[in-house]
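Enquirer: Below you'll find the structure I mean.
Since every read-out is calculated from the coordinates, none of them should be taken as a lab result. Bear in mind that the values here come from a model prediction, so they are computed numbers and not experimental data. Positions of Cβ are generated from backbone atoms using ideal geometry, with glycine treated the same way; all protein chains shown enter the neighbour counts.
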Amino acid sequence: MLKANDNPFWTSPSGDFAFGFQQVGDAGFLLAIWFNQIPERTIVWSANRNDLVQRGSRVQLTTDGQLILDDQSGTQVWSTINSGGIGAAYAAMLDTGNFVLASQSAANLWQSFDEPTDTMLPTQTLSQGRALIAPYLEKNYSDGRYMFTLQIDGNLLLYTTRYPISTSINFAYWSTQDSLGSGDQVIFNQSGYMYLTARNGTMINHVFSDSVPMQDFYQRATLDYDGVFRHYVYPKTGASNSRNWALAWNTFSFIPSNICVRIEGEEGSGACGYNSFCRLGDDQRPSCQCPPGYTFVDPNDERKGCKQNFVSQECGQPSQGTDGFEFEVMPNTDWPLNDYEYFSSENEDWCRQACLSDCYCAVAIFKNGECWKKRIPLSNGRIDPGLGGTKALIKVRKGNFTAGSCAKKNDRSTLIITGSVLLGNSVFLNVISLLGIYVFFSRMNRQKAKMIPPHNVLPDVNLVSFTYNELETATGGFKEELGSGASGIVYKGLLDNEDTPLVAVKKLYKMVREGEREFRTEVKVIGRTNHKNLVQLLGFCDEGQQRLLVYEYMSNGSLKKFELDAMEEDQIVLADWAYDCFKEEKLDLLVLEDEEAMEDMRRVESFVMIAIWCIQEDPSLRPGMKKVLQMLEGAVQVSIPPDPASFISSI
Ligand SMILES: *[C@@H]1O[C@H](CO)[C@@H](O)[C@H](O)[C@H]1NC(C)=O
Ligand SMILES: *[C@@H]1O[C@H](CO)[C@@H](O)[C@H](O)[C@H]1NC(C)=O
């Protein structure tokens, strides 16, 4: 008998797994099975996830051979029910992570592998009619919003559930399409393969097909709270770890590849809650965010959606007219359902007006002359580079909040450039020189990308390699933020250096895949470029997963030497500022005091669009020189460019 008092447990012979009580915050105890040799104590099964028990509860193998969980008051909360009515002679925690009740003759009467919660372990199978149900949140184990199930009709699917009313199925967002109706069981084998087999044992479909050296890793396949089914590996201590996996649960593979776009349906709010949108981060994990003007309903649970943080437009109230509202623009964003009115062959201005003058309209989506009006609650929201050209115009009350705006704030930072390139006398000349610099950059980038830089040296570039500690000290623990965005956050720092004591330190978000190589390439290219209009790159830090760039800091004082519109610090990042102004249709701010330019804003817009195409972080999006010339000459139409930095957040 085990009591939920002092966390006693039974371990498997190897010690890898344990069965017993696990405390869940202050909420109570789970009767659970967990990985017992890793610090995380990851739970892989539990008996009472929807019904936590308190101190004084106990689990026991009764004299008639049933395993029973009683709560503190002695009420039975859970028990094994073995159909044959044969009592178990003993219970055992096995090294596979399976907890079994066996008869005198060692026949399995009951096993935890047959009643999975959210996780499968190697050697475990899922038979027809069984399912994994995602937990509600990462550390809240109650039944959540997603299900992985092999139906009795032989189909293997990922479903949303009718949360919070029930865990019955809603609609599928992943399936083994080409094996309709023929699946008999799902096998997760010790090499890390998970596959669906037919009744005769032949394999029909893979779920995961990456091989793992089983002696070196712990493995599990878990349907996470975010609806993604992930195959995780954890290096065992002392095992060979040739790929330098972190001593943590590393995602080995997962389905579906982009849940933000895979979940789409009239039923329910999508991968995120109502009025929010889903974004796949650098780490390929989805997160839910609120559009400008909206805040989370429950800050502790981003999946509950967002609400307007302003008083919405009232219908039939003249005082609530169009003047009080404006738009925040989100590129590559859509709520694909919820439209109640659609127009084609109209321009964006028209689309804006149509939404402004309609009290029901919360968001207008504009794409290539097409305009959709949407009402709240918005559902199935997503931001995705695949939506290139789709612009979401979010209607918000004027002056009610301070979200990013072109004139004041930049929310991305790519290359740091002073404003003087664009802000001189002739916008045309200047846009072209900006273009020139970037075409030069992109060519350099393409060439350099072919070289693999040697470790820790950057030849013929005069750059200082800082340690992370040095930069942490210089920035006072990354305290004063100058700007933030898709690729990283820029902080103000102070170096122990007479020439350039003030620096801007750009801390890049964690990168995956090609990150290492690209980082070094970027450092090299920027390091070699010495242009009066570019802020000088002084150094970098490349330590473990940390990637930082250190630039000369352009204080207001040093900008004055270019004799520059009381420029805001944020405008230092010219590329970002220019893109923001373009996005928000405030290009006039770019060419203030240039009358020639002001008179031909169409051309300014077209040139700025071309420049933005040329500074795409994703080299494959940049046009060739011939195309650039054709666009400048007006021979081909310039299409609307995506956010230049969107690539960074998706690599
Ligand atoms: C988990 O979330 C559910 C749904 O919001 C809630 O009812 C329950 O109390 C939570 N459990 C814990 C342990 O916080
Ligand atoms: C697991 O399945 C894969 C694919 O069928 C197979 O190649 C591999 O040998 C299996 N591993 C074990 C340990 O059975």
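Enquirer: Using θ = phi - 60° and the Karplus form 6.51 cos²θ - 1.76 cosθ + 1.60, what ³J(HN,Hα) does each residue of the stretch 184-197 get, whole Hz, x for Gly and Pro?
Expert: Here the 3J(HN,Hα) series is 10, 7, 9, 10, 10, 9, 5, 7, x, 7, 10, 8, 9, 10 Hz.
Enquirer: With a cut-off of at most 13 other beta carbons within 10 Å, and DSSP calling the residue loop, which trypsin sites (Lys or Arg not before Pro) in the stretch 271-333 qualify? Please list them. List each step's numbers first, then the result.
Expert: Details: sites: ARG279, ARG303, LYS304, LYS307; in loops: none.
In loop regions of the stretch 271-333 (DSSP not H, G, I, E or B), there are no sparsely surrounded trypsin sites (Lys or Arg not before Pro).
Enquirer: Which FRET efficiency value, to the nearest 0.05, do you get for GLN104 and GLN190 by plugging their Cβ-Cβ distance into 1/(1 + (r/R0)^6) with R0 = 30 Å? Can you show the working numbers first?
Expert: Working: r = 29 Å, r/R0 = 0.98.
So, using R0 = 30 Å, E works out to roughly 0.55.
Enquirer: Okay, moving on. Which trypsin sites (Lys or Arg not before Pro) in the stretch 123-175 pass both tests, a DSSP loop state and at most 13 other beta-carbon atoms within 10 Å?
Expert: Numbers: sites: ARG130, LYS139, ARG145, ARG162; in loops: ARG130, LYS139, ARG162.
Here the sparse-neighbourhood loop sites are LYS139.
Enquirer: Next up: If you take the beta carbon distance between SER209 and GLU593 as r and set R0 to 51 Å, what does 1/(1 + (r/R0)^6) give as a FRET efficiency, to the nearest 0.05? Mind dumping the intermediate values first?
Expert: Values: r = 61 Å, r/R0 = 1.21.
That pair, SER209 with GLU593, gives E of 0.25.
Enquirer: For TYR146, what residues show an amide H to amide H distance below 5 Å, using hydrogens built from the backbone and excluding near sequence neighbours?
Expert: Distant-sequence amide H within range of TYR146: ALA134, THR161.
Enquirer: Under the 0.36 nm per residue contour assumption, what length would be gained going from the current alpha-carbon distance of GLN353 and ASP301 to full extension?
Expert: Numbers: separation 52, 0.36 × 52 = 18.72 nm, distance 3.50 nm.
Extra length available between GLN353 and ASP301 comes to 15.2 nm.
Enquirer: Here is a further query. Treat each spin label as a single point 7 Å out from the Cα along the C-beta direction, and report the GLU264 to ASP95 distance in nm.
Expert: It works out to 4.9 nm between the two label points.
Enquirer: Taking the Cβ of each residue in MET631, MET625 as the centre, tally the other Cβ atoms inside 10 Å and list the residues starting with the fewest. Provide the component values of the computation, followed by the final result.
Expert: On the way: MET631 20, MET625 10.
With the fewest neighbours first, MET631, MET625 line up as MET625, MET631.
Enquirer: Starting from the stretch 227-268, pick out the trypsin sites (Lys or Arg not before Pro) whose DSSP state is loop and whose Cβ has at most 13 other Cβ atoms within 10 Å. Show your work: numbers first, answer last.
Expert: Numbers: sites: ARG230, LYS236, ARG243, ARG262; in loops: LYS236, ARG243.
Taking the stretch 227-268 and a limit of 13 other Cβ atoms within 10 Å, the loop trypsin sites (Lys or Arg not before Pro) found are ARG243.
Enquirer: Summing Lys, Arg as +1 and Asp, Glu as -1, what charge do residues with Cβ under 12 Å from the Cβ of ASP323 carry, ASP323 excluded? Don't jump to the answer; show the numbers that get you there.
Expert: On the way: positive: ARG397, LYS398; negative: GLU326.
Here the count lands on +1.
Enquirer: For HIS231, HIS206, which order do you get if you count the other beta carbons within 10 Å of each Cβ and list the fewest first? List each step's numbers first, then the result.
Expert: Working: HIS231 24, HIS206 14.
Ranking HIS231, HIS206 by Cβ neighbours within 10 Å, fewest first, gives HIS206, HIS231.
Enquirer: Now, a different point. Work out the FRET efficiency for SER345 and ASN250 from their Cβ-Cβ distance, taking R0 = 56 Å, and round it to the nearest 0.05.
Expert: Numbers: r = 51 Å, r/R0 = 0.90.
Efficiency at R0 = 56 Å is approximately 0.65.
Enquirer: Between SER175 and PHE310, how many nm apart are label points set 7 Å from Cα along the C-beta direction?
Expert: Between SER175 and PHE310, the label points sit 4.3 nm apart.
Enquirer: Additional query: Can you give me the long-range amide H partners of GLY389? Hydrogens built in the peptide plane at 1.01 Å from N, cutoff under 5 Å, separation of 5 or more residues or another chain.
Expert: Close amide H contacts, sequence-distant or interchain: ASN332.
Enquirer: Each label point is 7 Å from the Cα along the Cα-to-Cβ direction; what then is the distance between the points at ASP216 and SER240, in nm?
Expert: Modelled inter-label distance: 0.6 nm.
Enquirer: Each residue of the stretch 215-232 in order: what ³J(HN,Hα) in whole Hz does its phi give by Karplus 6.51 cos²θ - 1.76 cosθ + 1.60, θ = phi - 60°, with x for Gly and Pro?
Expert: 6, 9, 9, 7, 9, 7, 10, 10, 7, 7, 4, 8, x, 8, 8, 10, 9, 10
Enquirer: Hey, another quick one. Go through LYS586/LYS626; LYS139/LYS507; LYS374/LYS398; LYS304/LYS479; LYS307/LYS586 and tell me which ones have a Cα-Cα distance over 21 Å in this structure. Write down the numbers at each step before the final one.
Expert: Values: LYS586/LYS626 29 Å; LYS139/LYS507 29 Å; LYS374/LYS398 19 Å; LYS304/LYS479 31 Å; LYS307/LYS586 28 Å.
Table pairs above 21 Å Cα-Cα are LYS586/LYS626; LYS139/LYS507; LYS304/LYS479; LYS307/LYS586.
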